[in-house]
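> Starting off with a structure, shown below.
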Amino acid sequence: MNDDALKGYKGKARKVLSEMGARVWAEVVIDTDKGKYEGIILPRAEQADDEHIVLKLETGYNIGLAVEGIKTVKEKAYKKAHYKIPEQEFPFDPRKPDVTLLGTGGTIASRLDYRTGAVIPAFTPGELYGAVPELADICNLKTEKLFGVFSENMGPEEYITTAKAIGREIEAGAAGIVIGHGTDTMHHTAAALTFMVQDSPVPIVMVGSQRSSDRPSSDAAFNLRCACNTAAHGNVAEVLVCMFGPTSDSYNLLHRGTRVRKMHSSYRSTFRTLSDIPVATCTPDSVNPIRPDYKSRRSDNKVKVDAVFDDRVAIVYYYPAMKPDIIESLINNGYKGIVIAGTGLGHVNKPLYKPLRRACKAGISVMMTVQTLWGYVQMYVYDTGRDLMELGIVPCLNMLPEVAYIKLGWVLAHTTDTEEVARMMLTPVNGEITEREPHDGYLVFQGGLPEIEDFLKRRLR
Amino acid sequence: MSDAWRKKLTESIDFDDQEFYGKLGFKSGLEIHQQLDTKKKLFCHCPVGYRNDEPDAIILRHMRPTLSEMGTYDGTALMEFKTRKQVIYQLYRENVCTYEMDDTPPFPINQKALDYAIEIALMLNCQLVDEVHITRKQYLDGSIPTGFQRTAIVGVNGWIPYRGRKIRIQQLALEEDACREVQDRGHEIVFRTDRLSTPLVEIVTKPDMLTPYETAEVDGLLGRLMRASGRVRRGIGTARQDVNVSITGSDRIEIKGVPRTGDIRPLTHYEALRQKSLLELRERLNNRGITPETFKADYHDITPHFTDAEVFSRSGIPESAERIMVVNLADWQGLLKHQTQPGITFAAEIAGRVRVIACLDRMPNILVLDSQPEGMLHGELGLPIELEEHIRAEIGADEDDTLVVVWGPAEDAETGAKEIIIRAKEAIEKIPQETRQHMPDKCRTDFERILPGPDRMYPDTDSPPVALAPDRVSEIRNSMALRPWERMERYLELGLPRCLAGDLSIHRHACLFERLVAGSGISPLLLAEALVSWQKAITRARLEVALPPVAVDEDVLESFFTDAAAKKTPRRGLLYAFEKLLNGEDVEPLGPLSEGQLKTLCLKVIEEYEDYNFKQDRFKLDFLLGEVLERSEGRAEPAKVRKILKELT
Ligand SMILES: [Zn+2]
């Protein structure tokens, strides 16, 4: 399929091109009813129509021509593109720490895929060195491609594989681990790895990019340099997410894997720590903790890997007119755990009580979190809350809904005893529940206010 | 002073000397960027706007080169990466959103802008593409926060008539405008984002202009054509042109951002001469046996030799210089003094490169040590003789070798030294293809960057291609504005004098004029005068008393003149009402006064001034006539009034 001479073309376009004896990557003169065009025939994106062909002009521009108007295609030469990041051997320096970069996908380094017209990841130490040579100033880098999937395709199986790979690399003496990951579900994986890899002696740093590395303005190189530096030289031996602090290329934040969430669909500074402050700031050559209570690096190679997951868990995002059948269907389909993202302090409406009672009776663990994302579940304040607790629903305090989902899956793989599940859920592994929320744990500034605008004028955004 | 300089350099030149430029092999092409008159930007919904106030926020970014679609790095891109600039963007909350900040993917392309681009492409006789592919054109200078400009070809292979031949239009692209540079100092460059992403068309001609005069003329012609479309923004900064020049034996050099058509002539002329001079330099080098194979140059750190203040002050090198490097160009004696442009020499080519690539922008940034008796390039600056001899001995340079000293922060000084060698070597091989900035007052250009190639193009994976439906195109073709040369002909046929026809052919109300002439039966000459000459005079009169022009909607104008045609408003009456209209009053044109109305008015005036004493009856009649005409608001014929007044007095 890769050697298809008419890659991406289908239907009418494919027919016309093959009749003319044309092929992709051929340098051609095309005579049409409007006049002559010269260029290279490019492969076509699969989801595009079958009415046009794509031509790259000498100037580098691409244009589309209607196949309907094509009279002749004359091939002058043939030049297949070899899209490859210049690969160079990653230099080894015995004085530098060894870091292992585990690849799961994402756009840390990427190349164009003609089939879909989208960007697909490329990834070897050589390629990375070719694209971001500064990495060699930070550490010795070893890479392993675990899988090449987009963020949304990461799931329990991938969490387990990744956790085991981390364990193996730590035991083999890595000074730090970097995990390249798509950003959409990075916070799910960060939570999963926090539970599955405990008491790590070294930093485990997740990193991705919001602007793919095929753009000059990409955040990928900066993120990668920050992450490698944190893994190689940082003192925080926890699962961290390392992404842009502000949208400027200025510094990154290190977020605790259980308190972090992607908060904007496209901003660079999309990851935020919720209901708390981040662990540290970092740059390609510094890591500066902004709180004292982190786990420090140790010199041993011991780590506890507990990589299990029961995927019969669901998040139910409650909305006012929700019908009981949503819950019923989860019960009937054999789910073992339900995380509710409730309104306000953690509420759902009366019609759901009945199915929820049934769920609890059936031994399903039901957790309550808040869809406000910030703040605690507090079910004592209103009668409705007390009613729900009587049903057996466990208030998960200030655990984020996605984190509760991941943790419940992990806990259920250890036990299905609802009391034990509740106990484990409420015993924090690393910050997924905190005892207190500092005054600056909730900061969503509003633009337009004079004091905020004044602040924005004076600082790099 | 610079005006005198410019005058001296330009007054005696015949910029249309076909024989002279023909011998040189002068060829020149244009790349015109013209903003389109849409309300919103090209890929987001921000209003187009121009800001000069304090920014609401700033962001910092860096640019890295990426691979092209064909799998290679672009030369410019790599060069700009060497410069390691910090790029600061100034943001304005009303005119810039997260799209321009490169924090939100593009919205679907502005369809109005696409229609306008199609229309202009058709006016330029271009072959339209059937599917518009949005492409990323890399700019690592920071002028666009994404690091690339989104651009799309709409038409190719067009032409316009000129001097009985065709000037070929290579392509017309629809693209987003870049930022405005506010400041560029050392490793920091500041851009303002207000203009960013404003829709514009880029028109590229083939190098079909054969004298500087022709280049300027075609530039004017294309400008008029776009104004004739009625689809473009007008005013300062809404149009910019890049001019490229080559001569026999040289490659294309691009002069960036020439703001005025008038500057094109001297700039292209002297650019052609610069190229000629560089070819002569190559010859001089070859005559000395310096070829790409025999070229010898190296660089050395001479920082330790700079210890006492005397040496610093003699050399003009600041004591703060962290590193001082010297480049030895073997056997180059005297060649850095080879004149390339009015008043400057090849050393300036080197200094330009060092300025941009190594970010050493405090001039002078190099010091040439050449043992020729005429002395140094920068006047009295140099090294004490003993020190120079000591350095020469140390690095093994003899007196036929030219030394070039460069200084600055350690890394930059080294980058500078390497770049000096690169530029010197290029002088032996070819004229480097580059983009040059201009200094019109001095008729000079200076290095800006290496000319980017097709490798900087990359398909925009964020935007789907847009198919151009045949219906859409034919609809635009049918309602398309006439080209200025077509209009001109038509207006001459209508009996307009040549200069009025010329002005009107590129006037924003040209379409209105044609509609009214066809539909209302108004006199073409009268209407043309009103729309062009009167409008201009009234606007100027307002400006003289510091009043802004009043914007009158085209449909208001249309009903005004239709009304005037129906009522047979006399010329003076029309002027009277039109003046009020353009001063923001709500008026309608009125027809001529009837015989009866005139008589009544005359009687009234006579009665009012009955007691006035006039020395002669003649004065009285003239006075009354003037008074009646004034009160008639232009609706009375002077001859008729005179006749009535005579009868009545
Ligand atoms: Zn915008």
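The values are calculated or read from the model by the stated rules, or taken from the named source; none is laboratory data. Model, not experiment: these values are computed from the prediction. Cβ placement follows ideal geometry from the backbone for every residue including glycine, while neighbour counts extend to all protein chains displayed.
> Please tell me if B:Gln111 is surrounded by fewer than 24 Cβ atoms within 10 Å (Cβ to Cβ) and at the interface with chain A (Cβ under 7 Å from one of its Cβ atoms).
Criteria not met by B:Gln111.
> Oh, and also: Just one of the numbered conditions (1) assigned to a loop (DSSP other than H, G, I, E, B); (2) within 12 Å of chain A (Cβ to nearest Cβ); (3) within 16 Å of the ligand (Cβ to nearest atom) is not true of B:Arg84; which one?
Checking B:Arg84 against (1) assigned to a loop (DSSP other than H, G, I, E, B); (2) within 12 Å of chain A (Cβ to nearest Cβ); (3) within 16 Å of the ligand (Cβ to nearest atom), the one that fails is (3).
> So, one more: Could you say which residue among B:Ala530, B:Ala577 is in contact with a helix residue (DSSP H, G or I) (Cβ under 6 Å, 6 or more places away or on another chain) and within 29 Å of B:Ser594 (Cβ to Cβ)?
The conditions single out B:Ala530.
> Count, please, the residues in the stretch B:430-476 that happen to be part of a helix (DSSP H, G or I), out of contact with any Ser or Thr (no Cβ under 8 Å at 6 or more places or on another chain) and farther than 30 Å from B:Arg260 by Cβ.
Count: 7.
> Here's something else I'd like to know. Mind telling me which of the residues B:Ser229, B:Ser277 ends up being outside the structural domain of B:Ala348 (by TED's automatic domain parsing) and within 30 Å of B:Lys337 (Cα to Cα)?
The match here is B:Ser277.
> Inside the stretch B:632-649, can you point out the residues that are within 10 Å of B:Leu593 (Cβ to Cβ) and either exposed (fewer than 14 other Cβ atoms within 10 Å of the Cβ) or among the charged types (D, E, K, R) (or both)?
Within the stretch B:632-649, B:Glu633, B:Arg635, B:Glu637, B:Lys640 qualify.
> Would you tally the residues in the stretch B:49-61 being surrounded by fewer than 20 Cβ atoms within 10 Å (Cβ to Cβ), modelled with pLDDT of 90 or more and either part of a loop (DSSP other than H, G, I, E, B) or not assigned by TED's automatic domain parsing to the domain that holds B:Cys179 (or both)?
Total satisfying the criteria: 3.
> Select from the stretch A:425-459 the residues that are among the hydrophobic types (A, V, I, L, M, F, W, C), in a helix (DSSP H, G or I) and within 14 Å of chain B (Cβ to nearest Cβ) and list them in ascending order.
Once the filter is applied, which keeps residues that are among the hydrophobic types (A, V, I, L, M, F, W, C), in a helix (DSSP H, G or I) and within 14 Å of chain B (Cβ to nearest Cβ), the stretch A:425-459 yields A:Ile452, A:Phe455, A:Leu456.
> Would you mind stating whether A:Ile166 is away from chain B (no Cβ under 14 Å), under 17 Å from A:Asn430 (Cβ atoms) and part of a strand (DSSP E or B)?
Considered against the rule, which asks whether it is away from chain B (no Cβ under 14 Å), under 17 Å from A:Asn430 (Cβ atoms) and part of a strand (DSSP E or B), A:Ile166 comes out as no.
> Looking at (1) on the phi > 0 side of the Ramachandran plot; (2) at the interface with chain A (Cβ under 7 Å from one of its Cβ atoms); (3) under 21 Å from the mean Cα position of the chain (by Cα), which is the only condition B:Asp102 fails?
For B:Asp102, the failing item is (3).
> Another one. So which residues in the stretch B:241-255 are modelled with pLDDT of 90 or more and either under 8 Å from the mean Cα position of the chain (by Cα) or not polar (S, T, N, Q) (or both)?
B:Gln241, B:Asp242, B:Val243, B:Val245, B:Ile247, B:Gly249, B:Ile253, B:Glu254, B:Ile255
> Please specify each residue of the stretch A:213-232 satisfying the condition of being more than 8 Å from every other protein chain (Cβ to nearest Cβ) and among the small types (Gly, Ala, Ser).
Matches in the stretch A:213-232: A:Ala220, A:Ala227, A:Ala231, A:Ala232.
> Just name the residue that is nearest to the chain's Cα centre (by Cα) out of those in the stretch B:172-186 that are over 30 Å from B:Ile120 (Cβ atoms) and either surrounded by 14 or more Cβ atoms within 10 Å (Cβ to Cβ) or basic (Lys, Arg) (or both).
Filtering the stretch B:172-186 for residues that are over 30 Å from B:Ile120 (Cβ atoms) and either surrounded by 14 or more Cβ atoms within 10 Å (Cβ to Cβ) or basic (Lys, Arg) (or both), the one nearest to the chain's Cα centre (by Cα) comes out as B:Asp184.
> Going residue by residue through the stretch A:25-40, is there one that turns out to be under 19 Å from B:Gln127 (Cα atoms) and away from every other protein chain (no Cβ under 13 Å)?
Yes, some residue in the stretch A:25-40 is under 19 Å from B:Gln127 (Cα atoms) and away from every other protein chain (no Cβ under 13 Å).
> Whether any residue in the stretch B:148-169 is within 14 Å of another protein chain (Cβ to nearest Cβ), farther than 29 Å from A:Glu38 by Cβ, within 16 Å of the ligand (Cβ to nearest atom) and in contact (Cβ under 8 Å) with a residue 40 or more places away in the chain is what I want to check.
Checked against the condition, which is being within 14 Å of another protein chain (Cβ to nearest Cβ), farther than 29 Å from A:Glu38 by Cβ, within 16 Å of the ligand (Cβ to nearest atom) and in contact (Cβ under 8 Å) with a residue 40 or more places away in the chain, the stretch B:148-169 yields no hits at all.
> Let me ask you something else. Mind checking whether some residue in the stretch A:444-453 is among the acidic types (Asp, Glu), at pLDDT below 95 and out of contact with any Lys or Arg (no Cβ under 9 Å at 6 or more places or on another chain)?
yes
> Then there's this: Can you list the strands (runs of 3 or more DSSP E) lying wholly within the stretch A:217-315 that have 3 or more residues being more than 22 Å from A:Ala175 (Cβ to Cβ)?
Result: A:260-262, A:271-273.
> Can you confirm whether B:Phe107 is within 14 Å of B:Pro199 (Cβ to Cβ) and either within 13 Å of the ligand (Cβ to nearest atom) or modelled with pLDDT under 90 (or both)?
yes
> When you scan the stretch B:37-60, how many residues do you find that are more than 16 Å from the ligand (Cβ to nearest atom), more than 14 Å from every other protein chain (Cβ to nearest Cβ) and not acidic (Asp, Glu)?
Selection size over the stretch B:37-60: 1.
> While we're on this one: Pick out the one residue from A:Thr183, A:Thr247, A:Thr281, A:Thr273 that is within 23 Å of A:Leu146 (Cβ to Cβ) and of a type outside the set (A, V, I, L, M, F, W, C).
Of A:Thr183, A:Thr247, A:Thr281, A:Thr273, the one residue that is within 23 Å of A:Leu146 (Cβ to Cβ) and of a type outside the set (A, V, I, L, M, F, W, C) is A:Thr183.
> Of all the residues that make up the stretch A:44-56, how many are buried (at least 21 other Cβ atoms within 10 Å of the Cβ), of a type outside the set (Lys, Arg) and more than 8 Å from chain B (Cβ to nearest Cβ)?
2
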